[in-house]
Amino acid sequence: MNESIDRAPLPGARGRRLRRGVAYALLIGYAVITCIPFGWTIITSFKTLPDSTQLTLVPDPFTLEAWDFALNHLQPSVVVLFLNSAVIAAVITLTNVLLGATAGYAFARLRFPGRDLLFLAVLATLMIPDQLRLVPVYILFSGVGLTAGFGQYVAVVLVGIVSASSIFLLRQYFLTIPVDLEEAARIDGAGFITTFWRVILPLAMPAVAAVAILSFQGSWNGLFWPAVFLSSDQSHWTLPLGLTQFRLAGGLATNWPPLMATVVIATVPIIVLYVFFQRYFVEGVAASGVKG
Amino acid sequence: MAQAALKRGRIDARAEALAGYGLIAIPMVFFLALSIGTFVYAAYISVWDWNIRSGPEAFVGLHNFQKLLSDPVFIAAIGNTLYYTVIWVPLTMAAGLFLAVIVNQKIRGQTFFRAAYYFPAIASSAAITTIWIFLASPDGLFNGIRGAIGLNPLFALFGYAPDHNWIGNYRTALQSVILLNAWTTSGTFMLFYLASLQSISREVYEAAAIDGANAWQAFWHVTFPLLRPAHFFVATVGVIGGLQLWDQAFIAGGPNGDPANSLMTIVLYLYNALFIQIDPGYAAAVGMVLFAIIFSATLLQRRIFGGGPA
């Protein structure tokens, strides 16, 4: 098209342009592949069952039946599932931030005998597979009444109360904060706890946000421990557990439109968080990957 | 005066240590009780005939382990889990590295693409697996598209009918789960790799360019070897995660890993031993075998990669 460029073919520039074109094609192509399943899920949630198996982009007829079913006729109600998920995820997020920050601060800044050994012990728990804990934790919890009634919620929260990676992530961040700031506060007469609360924690907000996001995502999406502790009582199910049970139990198994509407409901909160706090998702994962 | 300062210093140090212990007390109790402690407890339970209500009934030594290794379903579970891990980890590492490299180019919209590729990893396994089952169902999107673009004769060569049920058929169930998880997790691996890629200095590439290396050679001879710590980390995380496959197998195949145990995994077997056979001693033995496998796999990787970051 552009003659002047065609006539003066700098081999390097041409190669670079070609590479660039290929790179963009790959980038956009893969982004499309990534979006198709989600787009198809949303489209399907507005279709009728016979229409849901057709290869059409526009629902014909367009219907809110599936949404009506998902919102009003699931057993247990989607509202119950949503609330269970939200409360469990909120509590686990709070405990991870709180306990992760306090322990992370102690490991980063305070000097006490056995500190490094205890920190190693925390890191060692990262090597113990989560599900290996199933039998002992279940027996321990059933011994103290945490496998029935309200105790079931407590059990799910206790298993996720604070993860080694929350402590690790916050500790690493605290280490990057200049010590001078704390010393200044100390000279002004502030104690360890006040210094932590007033000086250090506000400076560590990016790390706090990353830990909060990762904990929320993990507990909102979690399936294993809810399946272990909450399965026996329908009214305690979380969204992922409910979705799995609907999938497995006859009724909704292949009634795609309402199932897809439920998938959308279960995923929207995370997507909203992702849109607003994308940076913290990405940085949190990257930070947990850069060890040592 | 000096003595007073010394004394104050000592009190300060004591207060500091007390504050330190106070701040780590709650997490440490949970780590000791629910993580490190449970490991010892699981080992103990595994050598007993254990009643889920009343506790230990009879010491059985290694009987639970013998019973375990003579159950063909458990052997199938080990086979499936190893097969899954051996295929899924390299596949997802390659995909994650590939995405990281193209996203790391000097391109416009880098942040957007990075966010888009990580996107599948943020949804719950329950949601994403349900979507996948729908897409791979006999009259789902995948079969529809391959029919529409005329690929069916190609698939017929491999013996797949136009309405093949990818997750519902024992021949393709595990492969479908591998693809699903490669797709969702490649975004996470991409982020791990990106962090390391960005730490490689420009000068290294300039030196390679002066030596006449093209982009392809620079990647294989410069980038790839320099990423060794990242390879080690991603592979370790991947293998530990892969050997614990449970979510997708349970969602797609239920507690038995249907069809025909093709989705039976070690952790699914562990779950069944506790909740269906209600045999905690036996289930604990499964857990110990899983730990032994994960532990040896990690050691093996350490050898392969010649040790990673501490």
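The values are calculated or read from the model by the stated rules, or taken from the named source; none is laboratory data. Note that the structure is a prediction, hence the values are computed from the model and not measured. Here the Cβ positions follow ideal geometry from the backbone for every residue, glycine too, while neighbour counts run over all protein chains shown. To get the accessible areas, we keep the full protein, side chains included, count just its heavy atoms, and leave off ligands, DNA and RNA. Shrake-Rupley method; radii C 1.70, N 1.55, O 1.52, S 1.80 Å.
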| request: Before anything else, pin down the relative contact order of chain A: Cα pairs under 8 Å, at least 6 apart, normalised by residue count, whole percent. | output: 28
| task | Scan around residue B:48 for amide H atoms under 5 Å from its own, H built in the peptide plane at 1.01 Å from N, and keep only partners 5 or more places away or cross-chain. | result | B:60
| Peptides B:259-271, A:55-67: what's the order by average Cβ count within 10 Å, highest mean first? | B:259-271, A:55-67
| request: May I ask for the accessible area buried between chains A and B, both sides summed, probe 1.4 Å, to the nearest 100 Å²? | output: 8100
| remark: Summed over the other residues with a beta carbon less than 10 angstrom from that of residue B:51, with K and R at +1 and D and E at -1, the charge totals -2
| message | Semi-axes of the equivalent ellipsoid for chain A, please: Cα gyration tensor eigenvalues, times 5, square-rooted, ordered largest first, whole Å. | response | 40, 36, 16
| message | From zero outward in steps of 10 Å, how is the percent of C-alpha pairs of chain B spread across the bins? | response | 5, 19, 24, 23, 16, 9, 3, 1, 0, 0
| message | Can you give me the % of accessible surface on region B:65-304 that is carbon or sulfur? Probe 1.4 Å, all protein chains present, nothing else counted. | response | 66
| How much area per residue is accessible in chain B when the probe is 1.4 Å and only protein heavy atoms are counted (Å²)? | 47
| query | Counting alpha carbon pairs within less than 8 Å and at least 6 residues apart, what relative contact order, in whole percent, applies to region A:179-292? | reply | 25
| message | List the trypsin sites (Lys or Arg not before Pro) within region B:97-167 that DSSP assigns to loop and that have no more than 14 neighbouring Cβ atoms inside 10 Å. | response | B:106, B:108
| message | Please report the net charge: other residues with Cβ closer than 15 Å to the Cβ of residue B:78, K and R +1, D and E -1. | response | 0
| message | Please list 3J(HN,Hα) in residue order for region A:142-151, calculated via the Karplus relation 6.51 cos²θ - 1.76 cosθ + 1.60 where θ = phi - 60°; whole Hz, with x for glycine and proline. | response | 5, x, 10, x, 9, 10, 9, x, 4, x
| request: Report the semi-axes of the equivalent ellipsoid for region A:21-177 in whole Å, largest first, where each axis is √(5λ) for an eigenvalue λ of the Cα gyration tensor. | output: 43, 27, 14
| request: Using Cα pairs closer than 8 Å and at least 6 residues apart in sequence, work out the relative contact order for chain B, in percent. | output: 27
| Number of partner chain Cβ atoms within 10 Å, mean per residue of B:105-114 | 4
| field | Expected 222 nm ellipticity per residue - DSSP helices of 4 or more, -39500 (n - 2.57), all of chain A, to 500 | value | -22500 deg cm²/dmol
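Please work out the Kirkwood hydrodynamic radius for the protein assembly as shown, using every pair of different C-alpha atoms, and report it in angstroms with one decimal place. Don't skip to the answer; put the middle values down first.
On the way: mean 1/r = 0.0378 Å⁻¹.
Here the Kirkwood hydrodynamic radius works out to 26.5 Å.
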